[in-house]
Amino acid sequence: MIGVAGLVRALDPRLKLAAALLIGPFLWKVPVLAATACAAFLLVLDRALAAGQPGGGKMVRSLLSFVFFWVAAKLVLDGLSGVPVEAMARDAGQLGVRLVALVLLGLGLALSSSARALGLAVAWALRPFLGRKRAWRIALSLSLMVHFLPVCLSTLSGVREVVARRFPKAGFFRRMRMIPQAVIRNLGQKTWNQTLAVACRGLDRAGAWEPDFAWSVRDWLGSAFVLAAAGAMFFL
């Protein structure tokens, strides 16, 4: 899977963005078996993509914890509404599988392409409709959002590790007060650093978002694989 991860990184960002926009809505319509297979493949791929990132494995675990929270919330609400236990378990399981696949799809997109590459892909797609002056602003906004997804996860993992080492006897409720405050404070500092980085690199002007893509045979093969996988998901 390390070789597959390298191949995915080398693909055109326009292809990866289109694949995410195509498969993402499909995950809510395809059978749960297809969503499970997609989630299993993305889990292995994301772990390979995150192998070179600091705290990469913790990113995946943090996202899975996020999904577990929403599945548990659905179970509690269904239980209070009087839903039968079998229907409760079935619906919660399906929601968990689809959420895991969707979250892993977004994480894979963020890990396999740089934020600027995805921004260039968005600028290329929106320029015929919005014009050159508006397209680059949207591209910059998306790039900052994509960049902050791994940053938020790594910050959360780092804060949790620090709390576990400095306050090993802290209770659950105390950790739930400390961790969000520390994460928000650290992200506030990173936002200021990111603003300075954008200005220093000249990314706050239209000329920095001129796309220079080159479509290759590898991208054609990747497109065929994505279309075949998306079609096969409806027949599992």
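The values are calculated or read from the model by the stated rules, or taken from the named source; none is laboratory data. Just so it is clear, the structure is predicted and the values come from calculations on it, not from any experiment. All Cβ positions, glycine included, derive from the backbone under ideal geometry; neighbour counts span all protein chains shown. To get the accessible areas, we keep the full protein, side chains included, count just its heavy atoms, and leave off ligands, DNA and RNA. Shrake-Rupley method; radii C 1.70, N 1.55, O 1.52, S 1.80 Å.
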> Hey, among the residues in the stretch 77-94 that are open to solvent by 40 Å² or more (accessible area, probe 1.4 Å) and either in contact with a His (Cβ under 9 Å, 6 or more places away or on another chain) or hydrophobic (A, V, I, L, M, F, W, C) (or both), which one's farthest from VAL32 (Cα to Cα)?
Replying inline: LEU80
>> Of everything in the stretch 25-38, what is open to solvent by less than 10 Å² (accessible area, probe 1.4 Å) and assigned to a helix (DSSP H, G or I)? Give them in sequence order.
In response: ALA34, ALA35
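Any idea which residue in the stretch 122-133 is least open to solvent (accessible area, probe 1.4 Å), counting only those that are modelled with pLDDT of 80 or more and not β-branched (Val, Ile, Thr)?
Of all residues in the stretch 122-133, those modelled with pLDDT of 80 or more come to 122-129.
Going one step further and asking which of them are not β-branched (Val, Ile, Thr), we end up with 123-129.
Numbers: ALA123: 1, TRP124: 127, ALA125: 45, LEU126: 48, ARG127: 66, PRO128: 102, PHE129: 166 Å².
Filtering the stretch 122-133 for residues that are modelled with pLDDT of 80 or more and not β-branched (Val, Ile, Thr), the one least open to solvent (accessible area, probe 1.4 Å) comes out as ALA123.
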> Restricting attention to the stretch 192-236, which residues are touching a residue at least 40 places away in the same chain (Cβ under 8 Å) and under 30 Å from ARG160 (Cα atoms)?
Replying inline: GLN194, VAL198
> With respect to the numbered conditions (1) open to solvent by less than 60 Å² (accessible area, probe 1.4 Å); (2) in contact with a Ser or Thr (Cβ under 6 Å, 6 or more places away or on another chain); (3) not β-branched (Val, Ile, Thr), which one is the sole condition not fulfilled by SER113?
Replying inline: (2)
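Regarding ASP91, is this residue charged (D, E, K, R), in contact (Cβ under 8 Å) with a residue 60 or more places away in the chain and part of a helix (DSSP H, G or I)?
Values: charged (D, E, K, R): yes; in contact (Cβ under 8 Å) with a residue 60 or more places away in the chain: no; part of a helix (DSSP H, G or I): yes.
Considered against the rule, which asks whether it is charged (D, E, K, R), in contact (Cβ under 8 Å) with a residue 60 or more places away in the chain and part of a helix (DSSP H, G or I), ASP91 comes out as no.
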>> Here are the criteria: (1) free of Cβ contacts under 8 Å to residues at least 40 places away in the same chain; (2) touching a Gly at 6+ places or on another chain (Cβ under 7 Å). Tell me which single one GLY131 does not satisfy.
In response: (2)
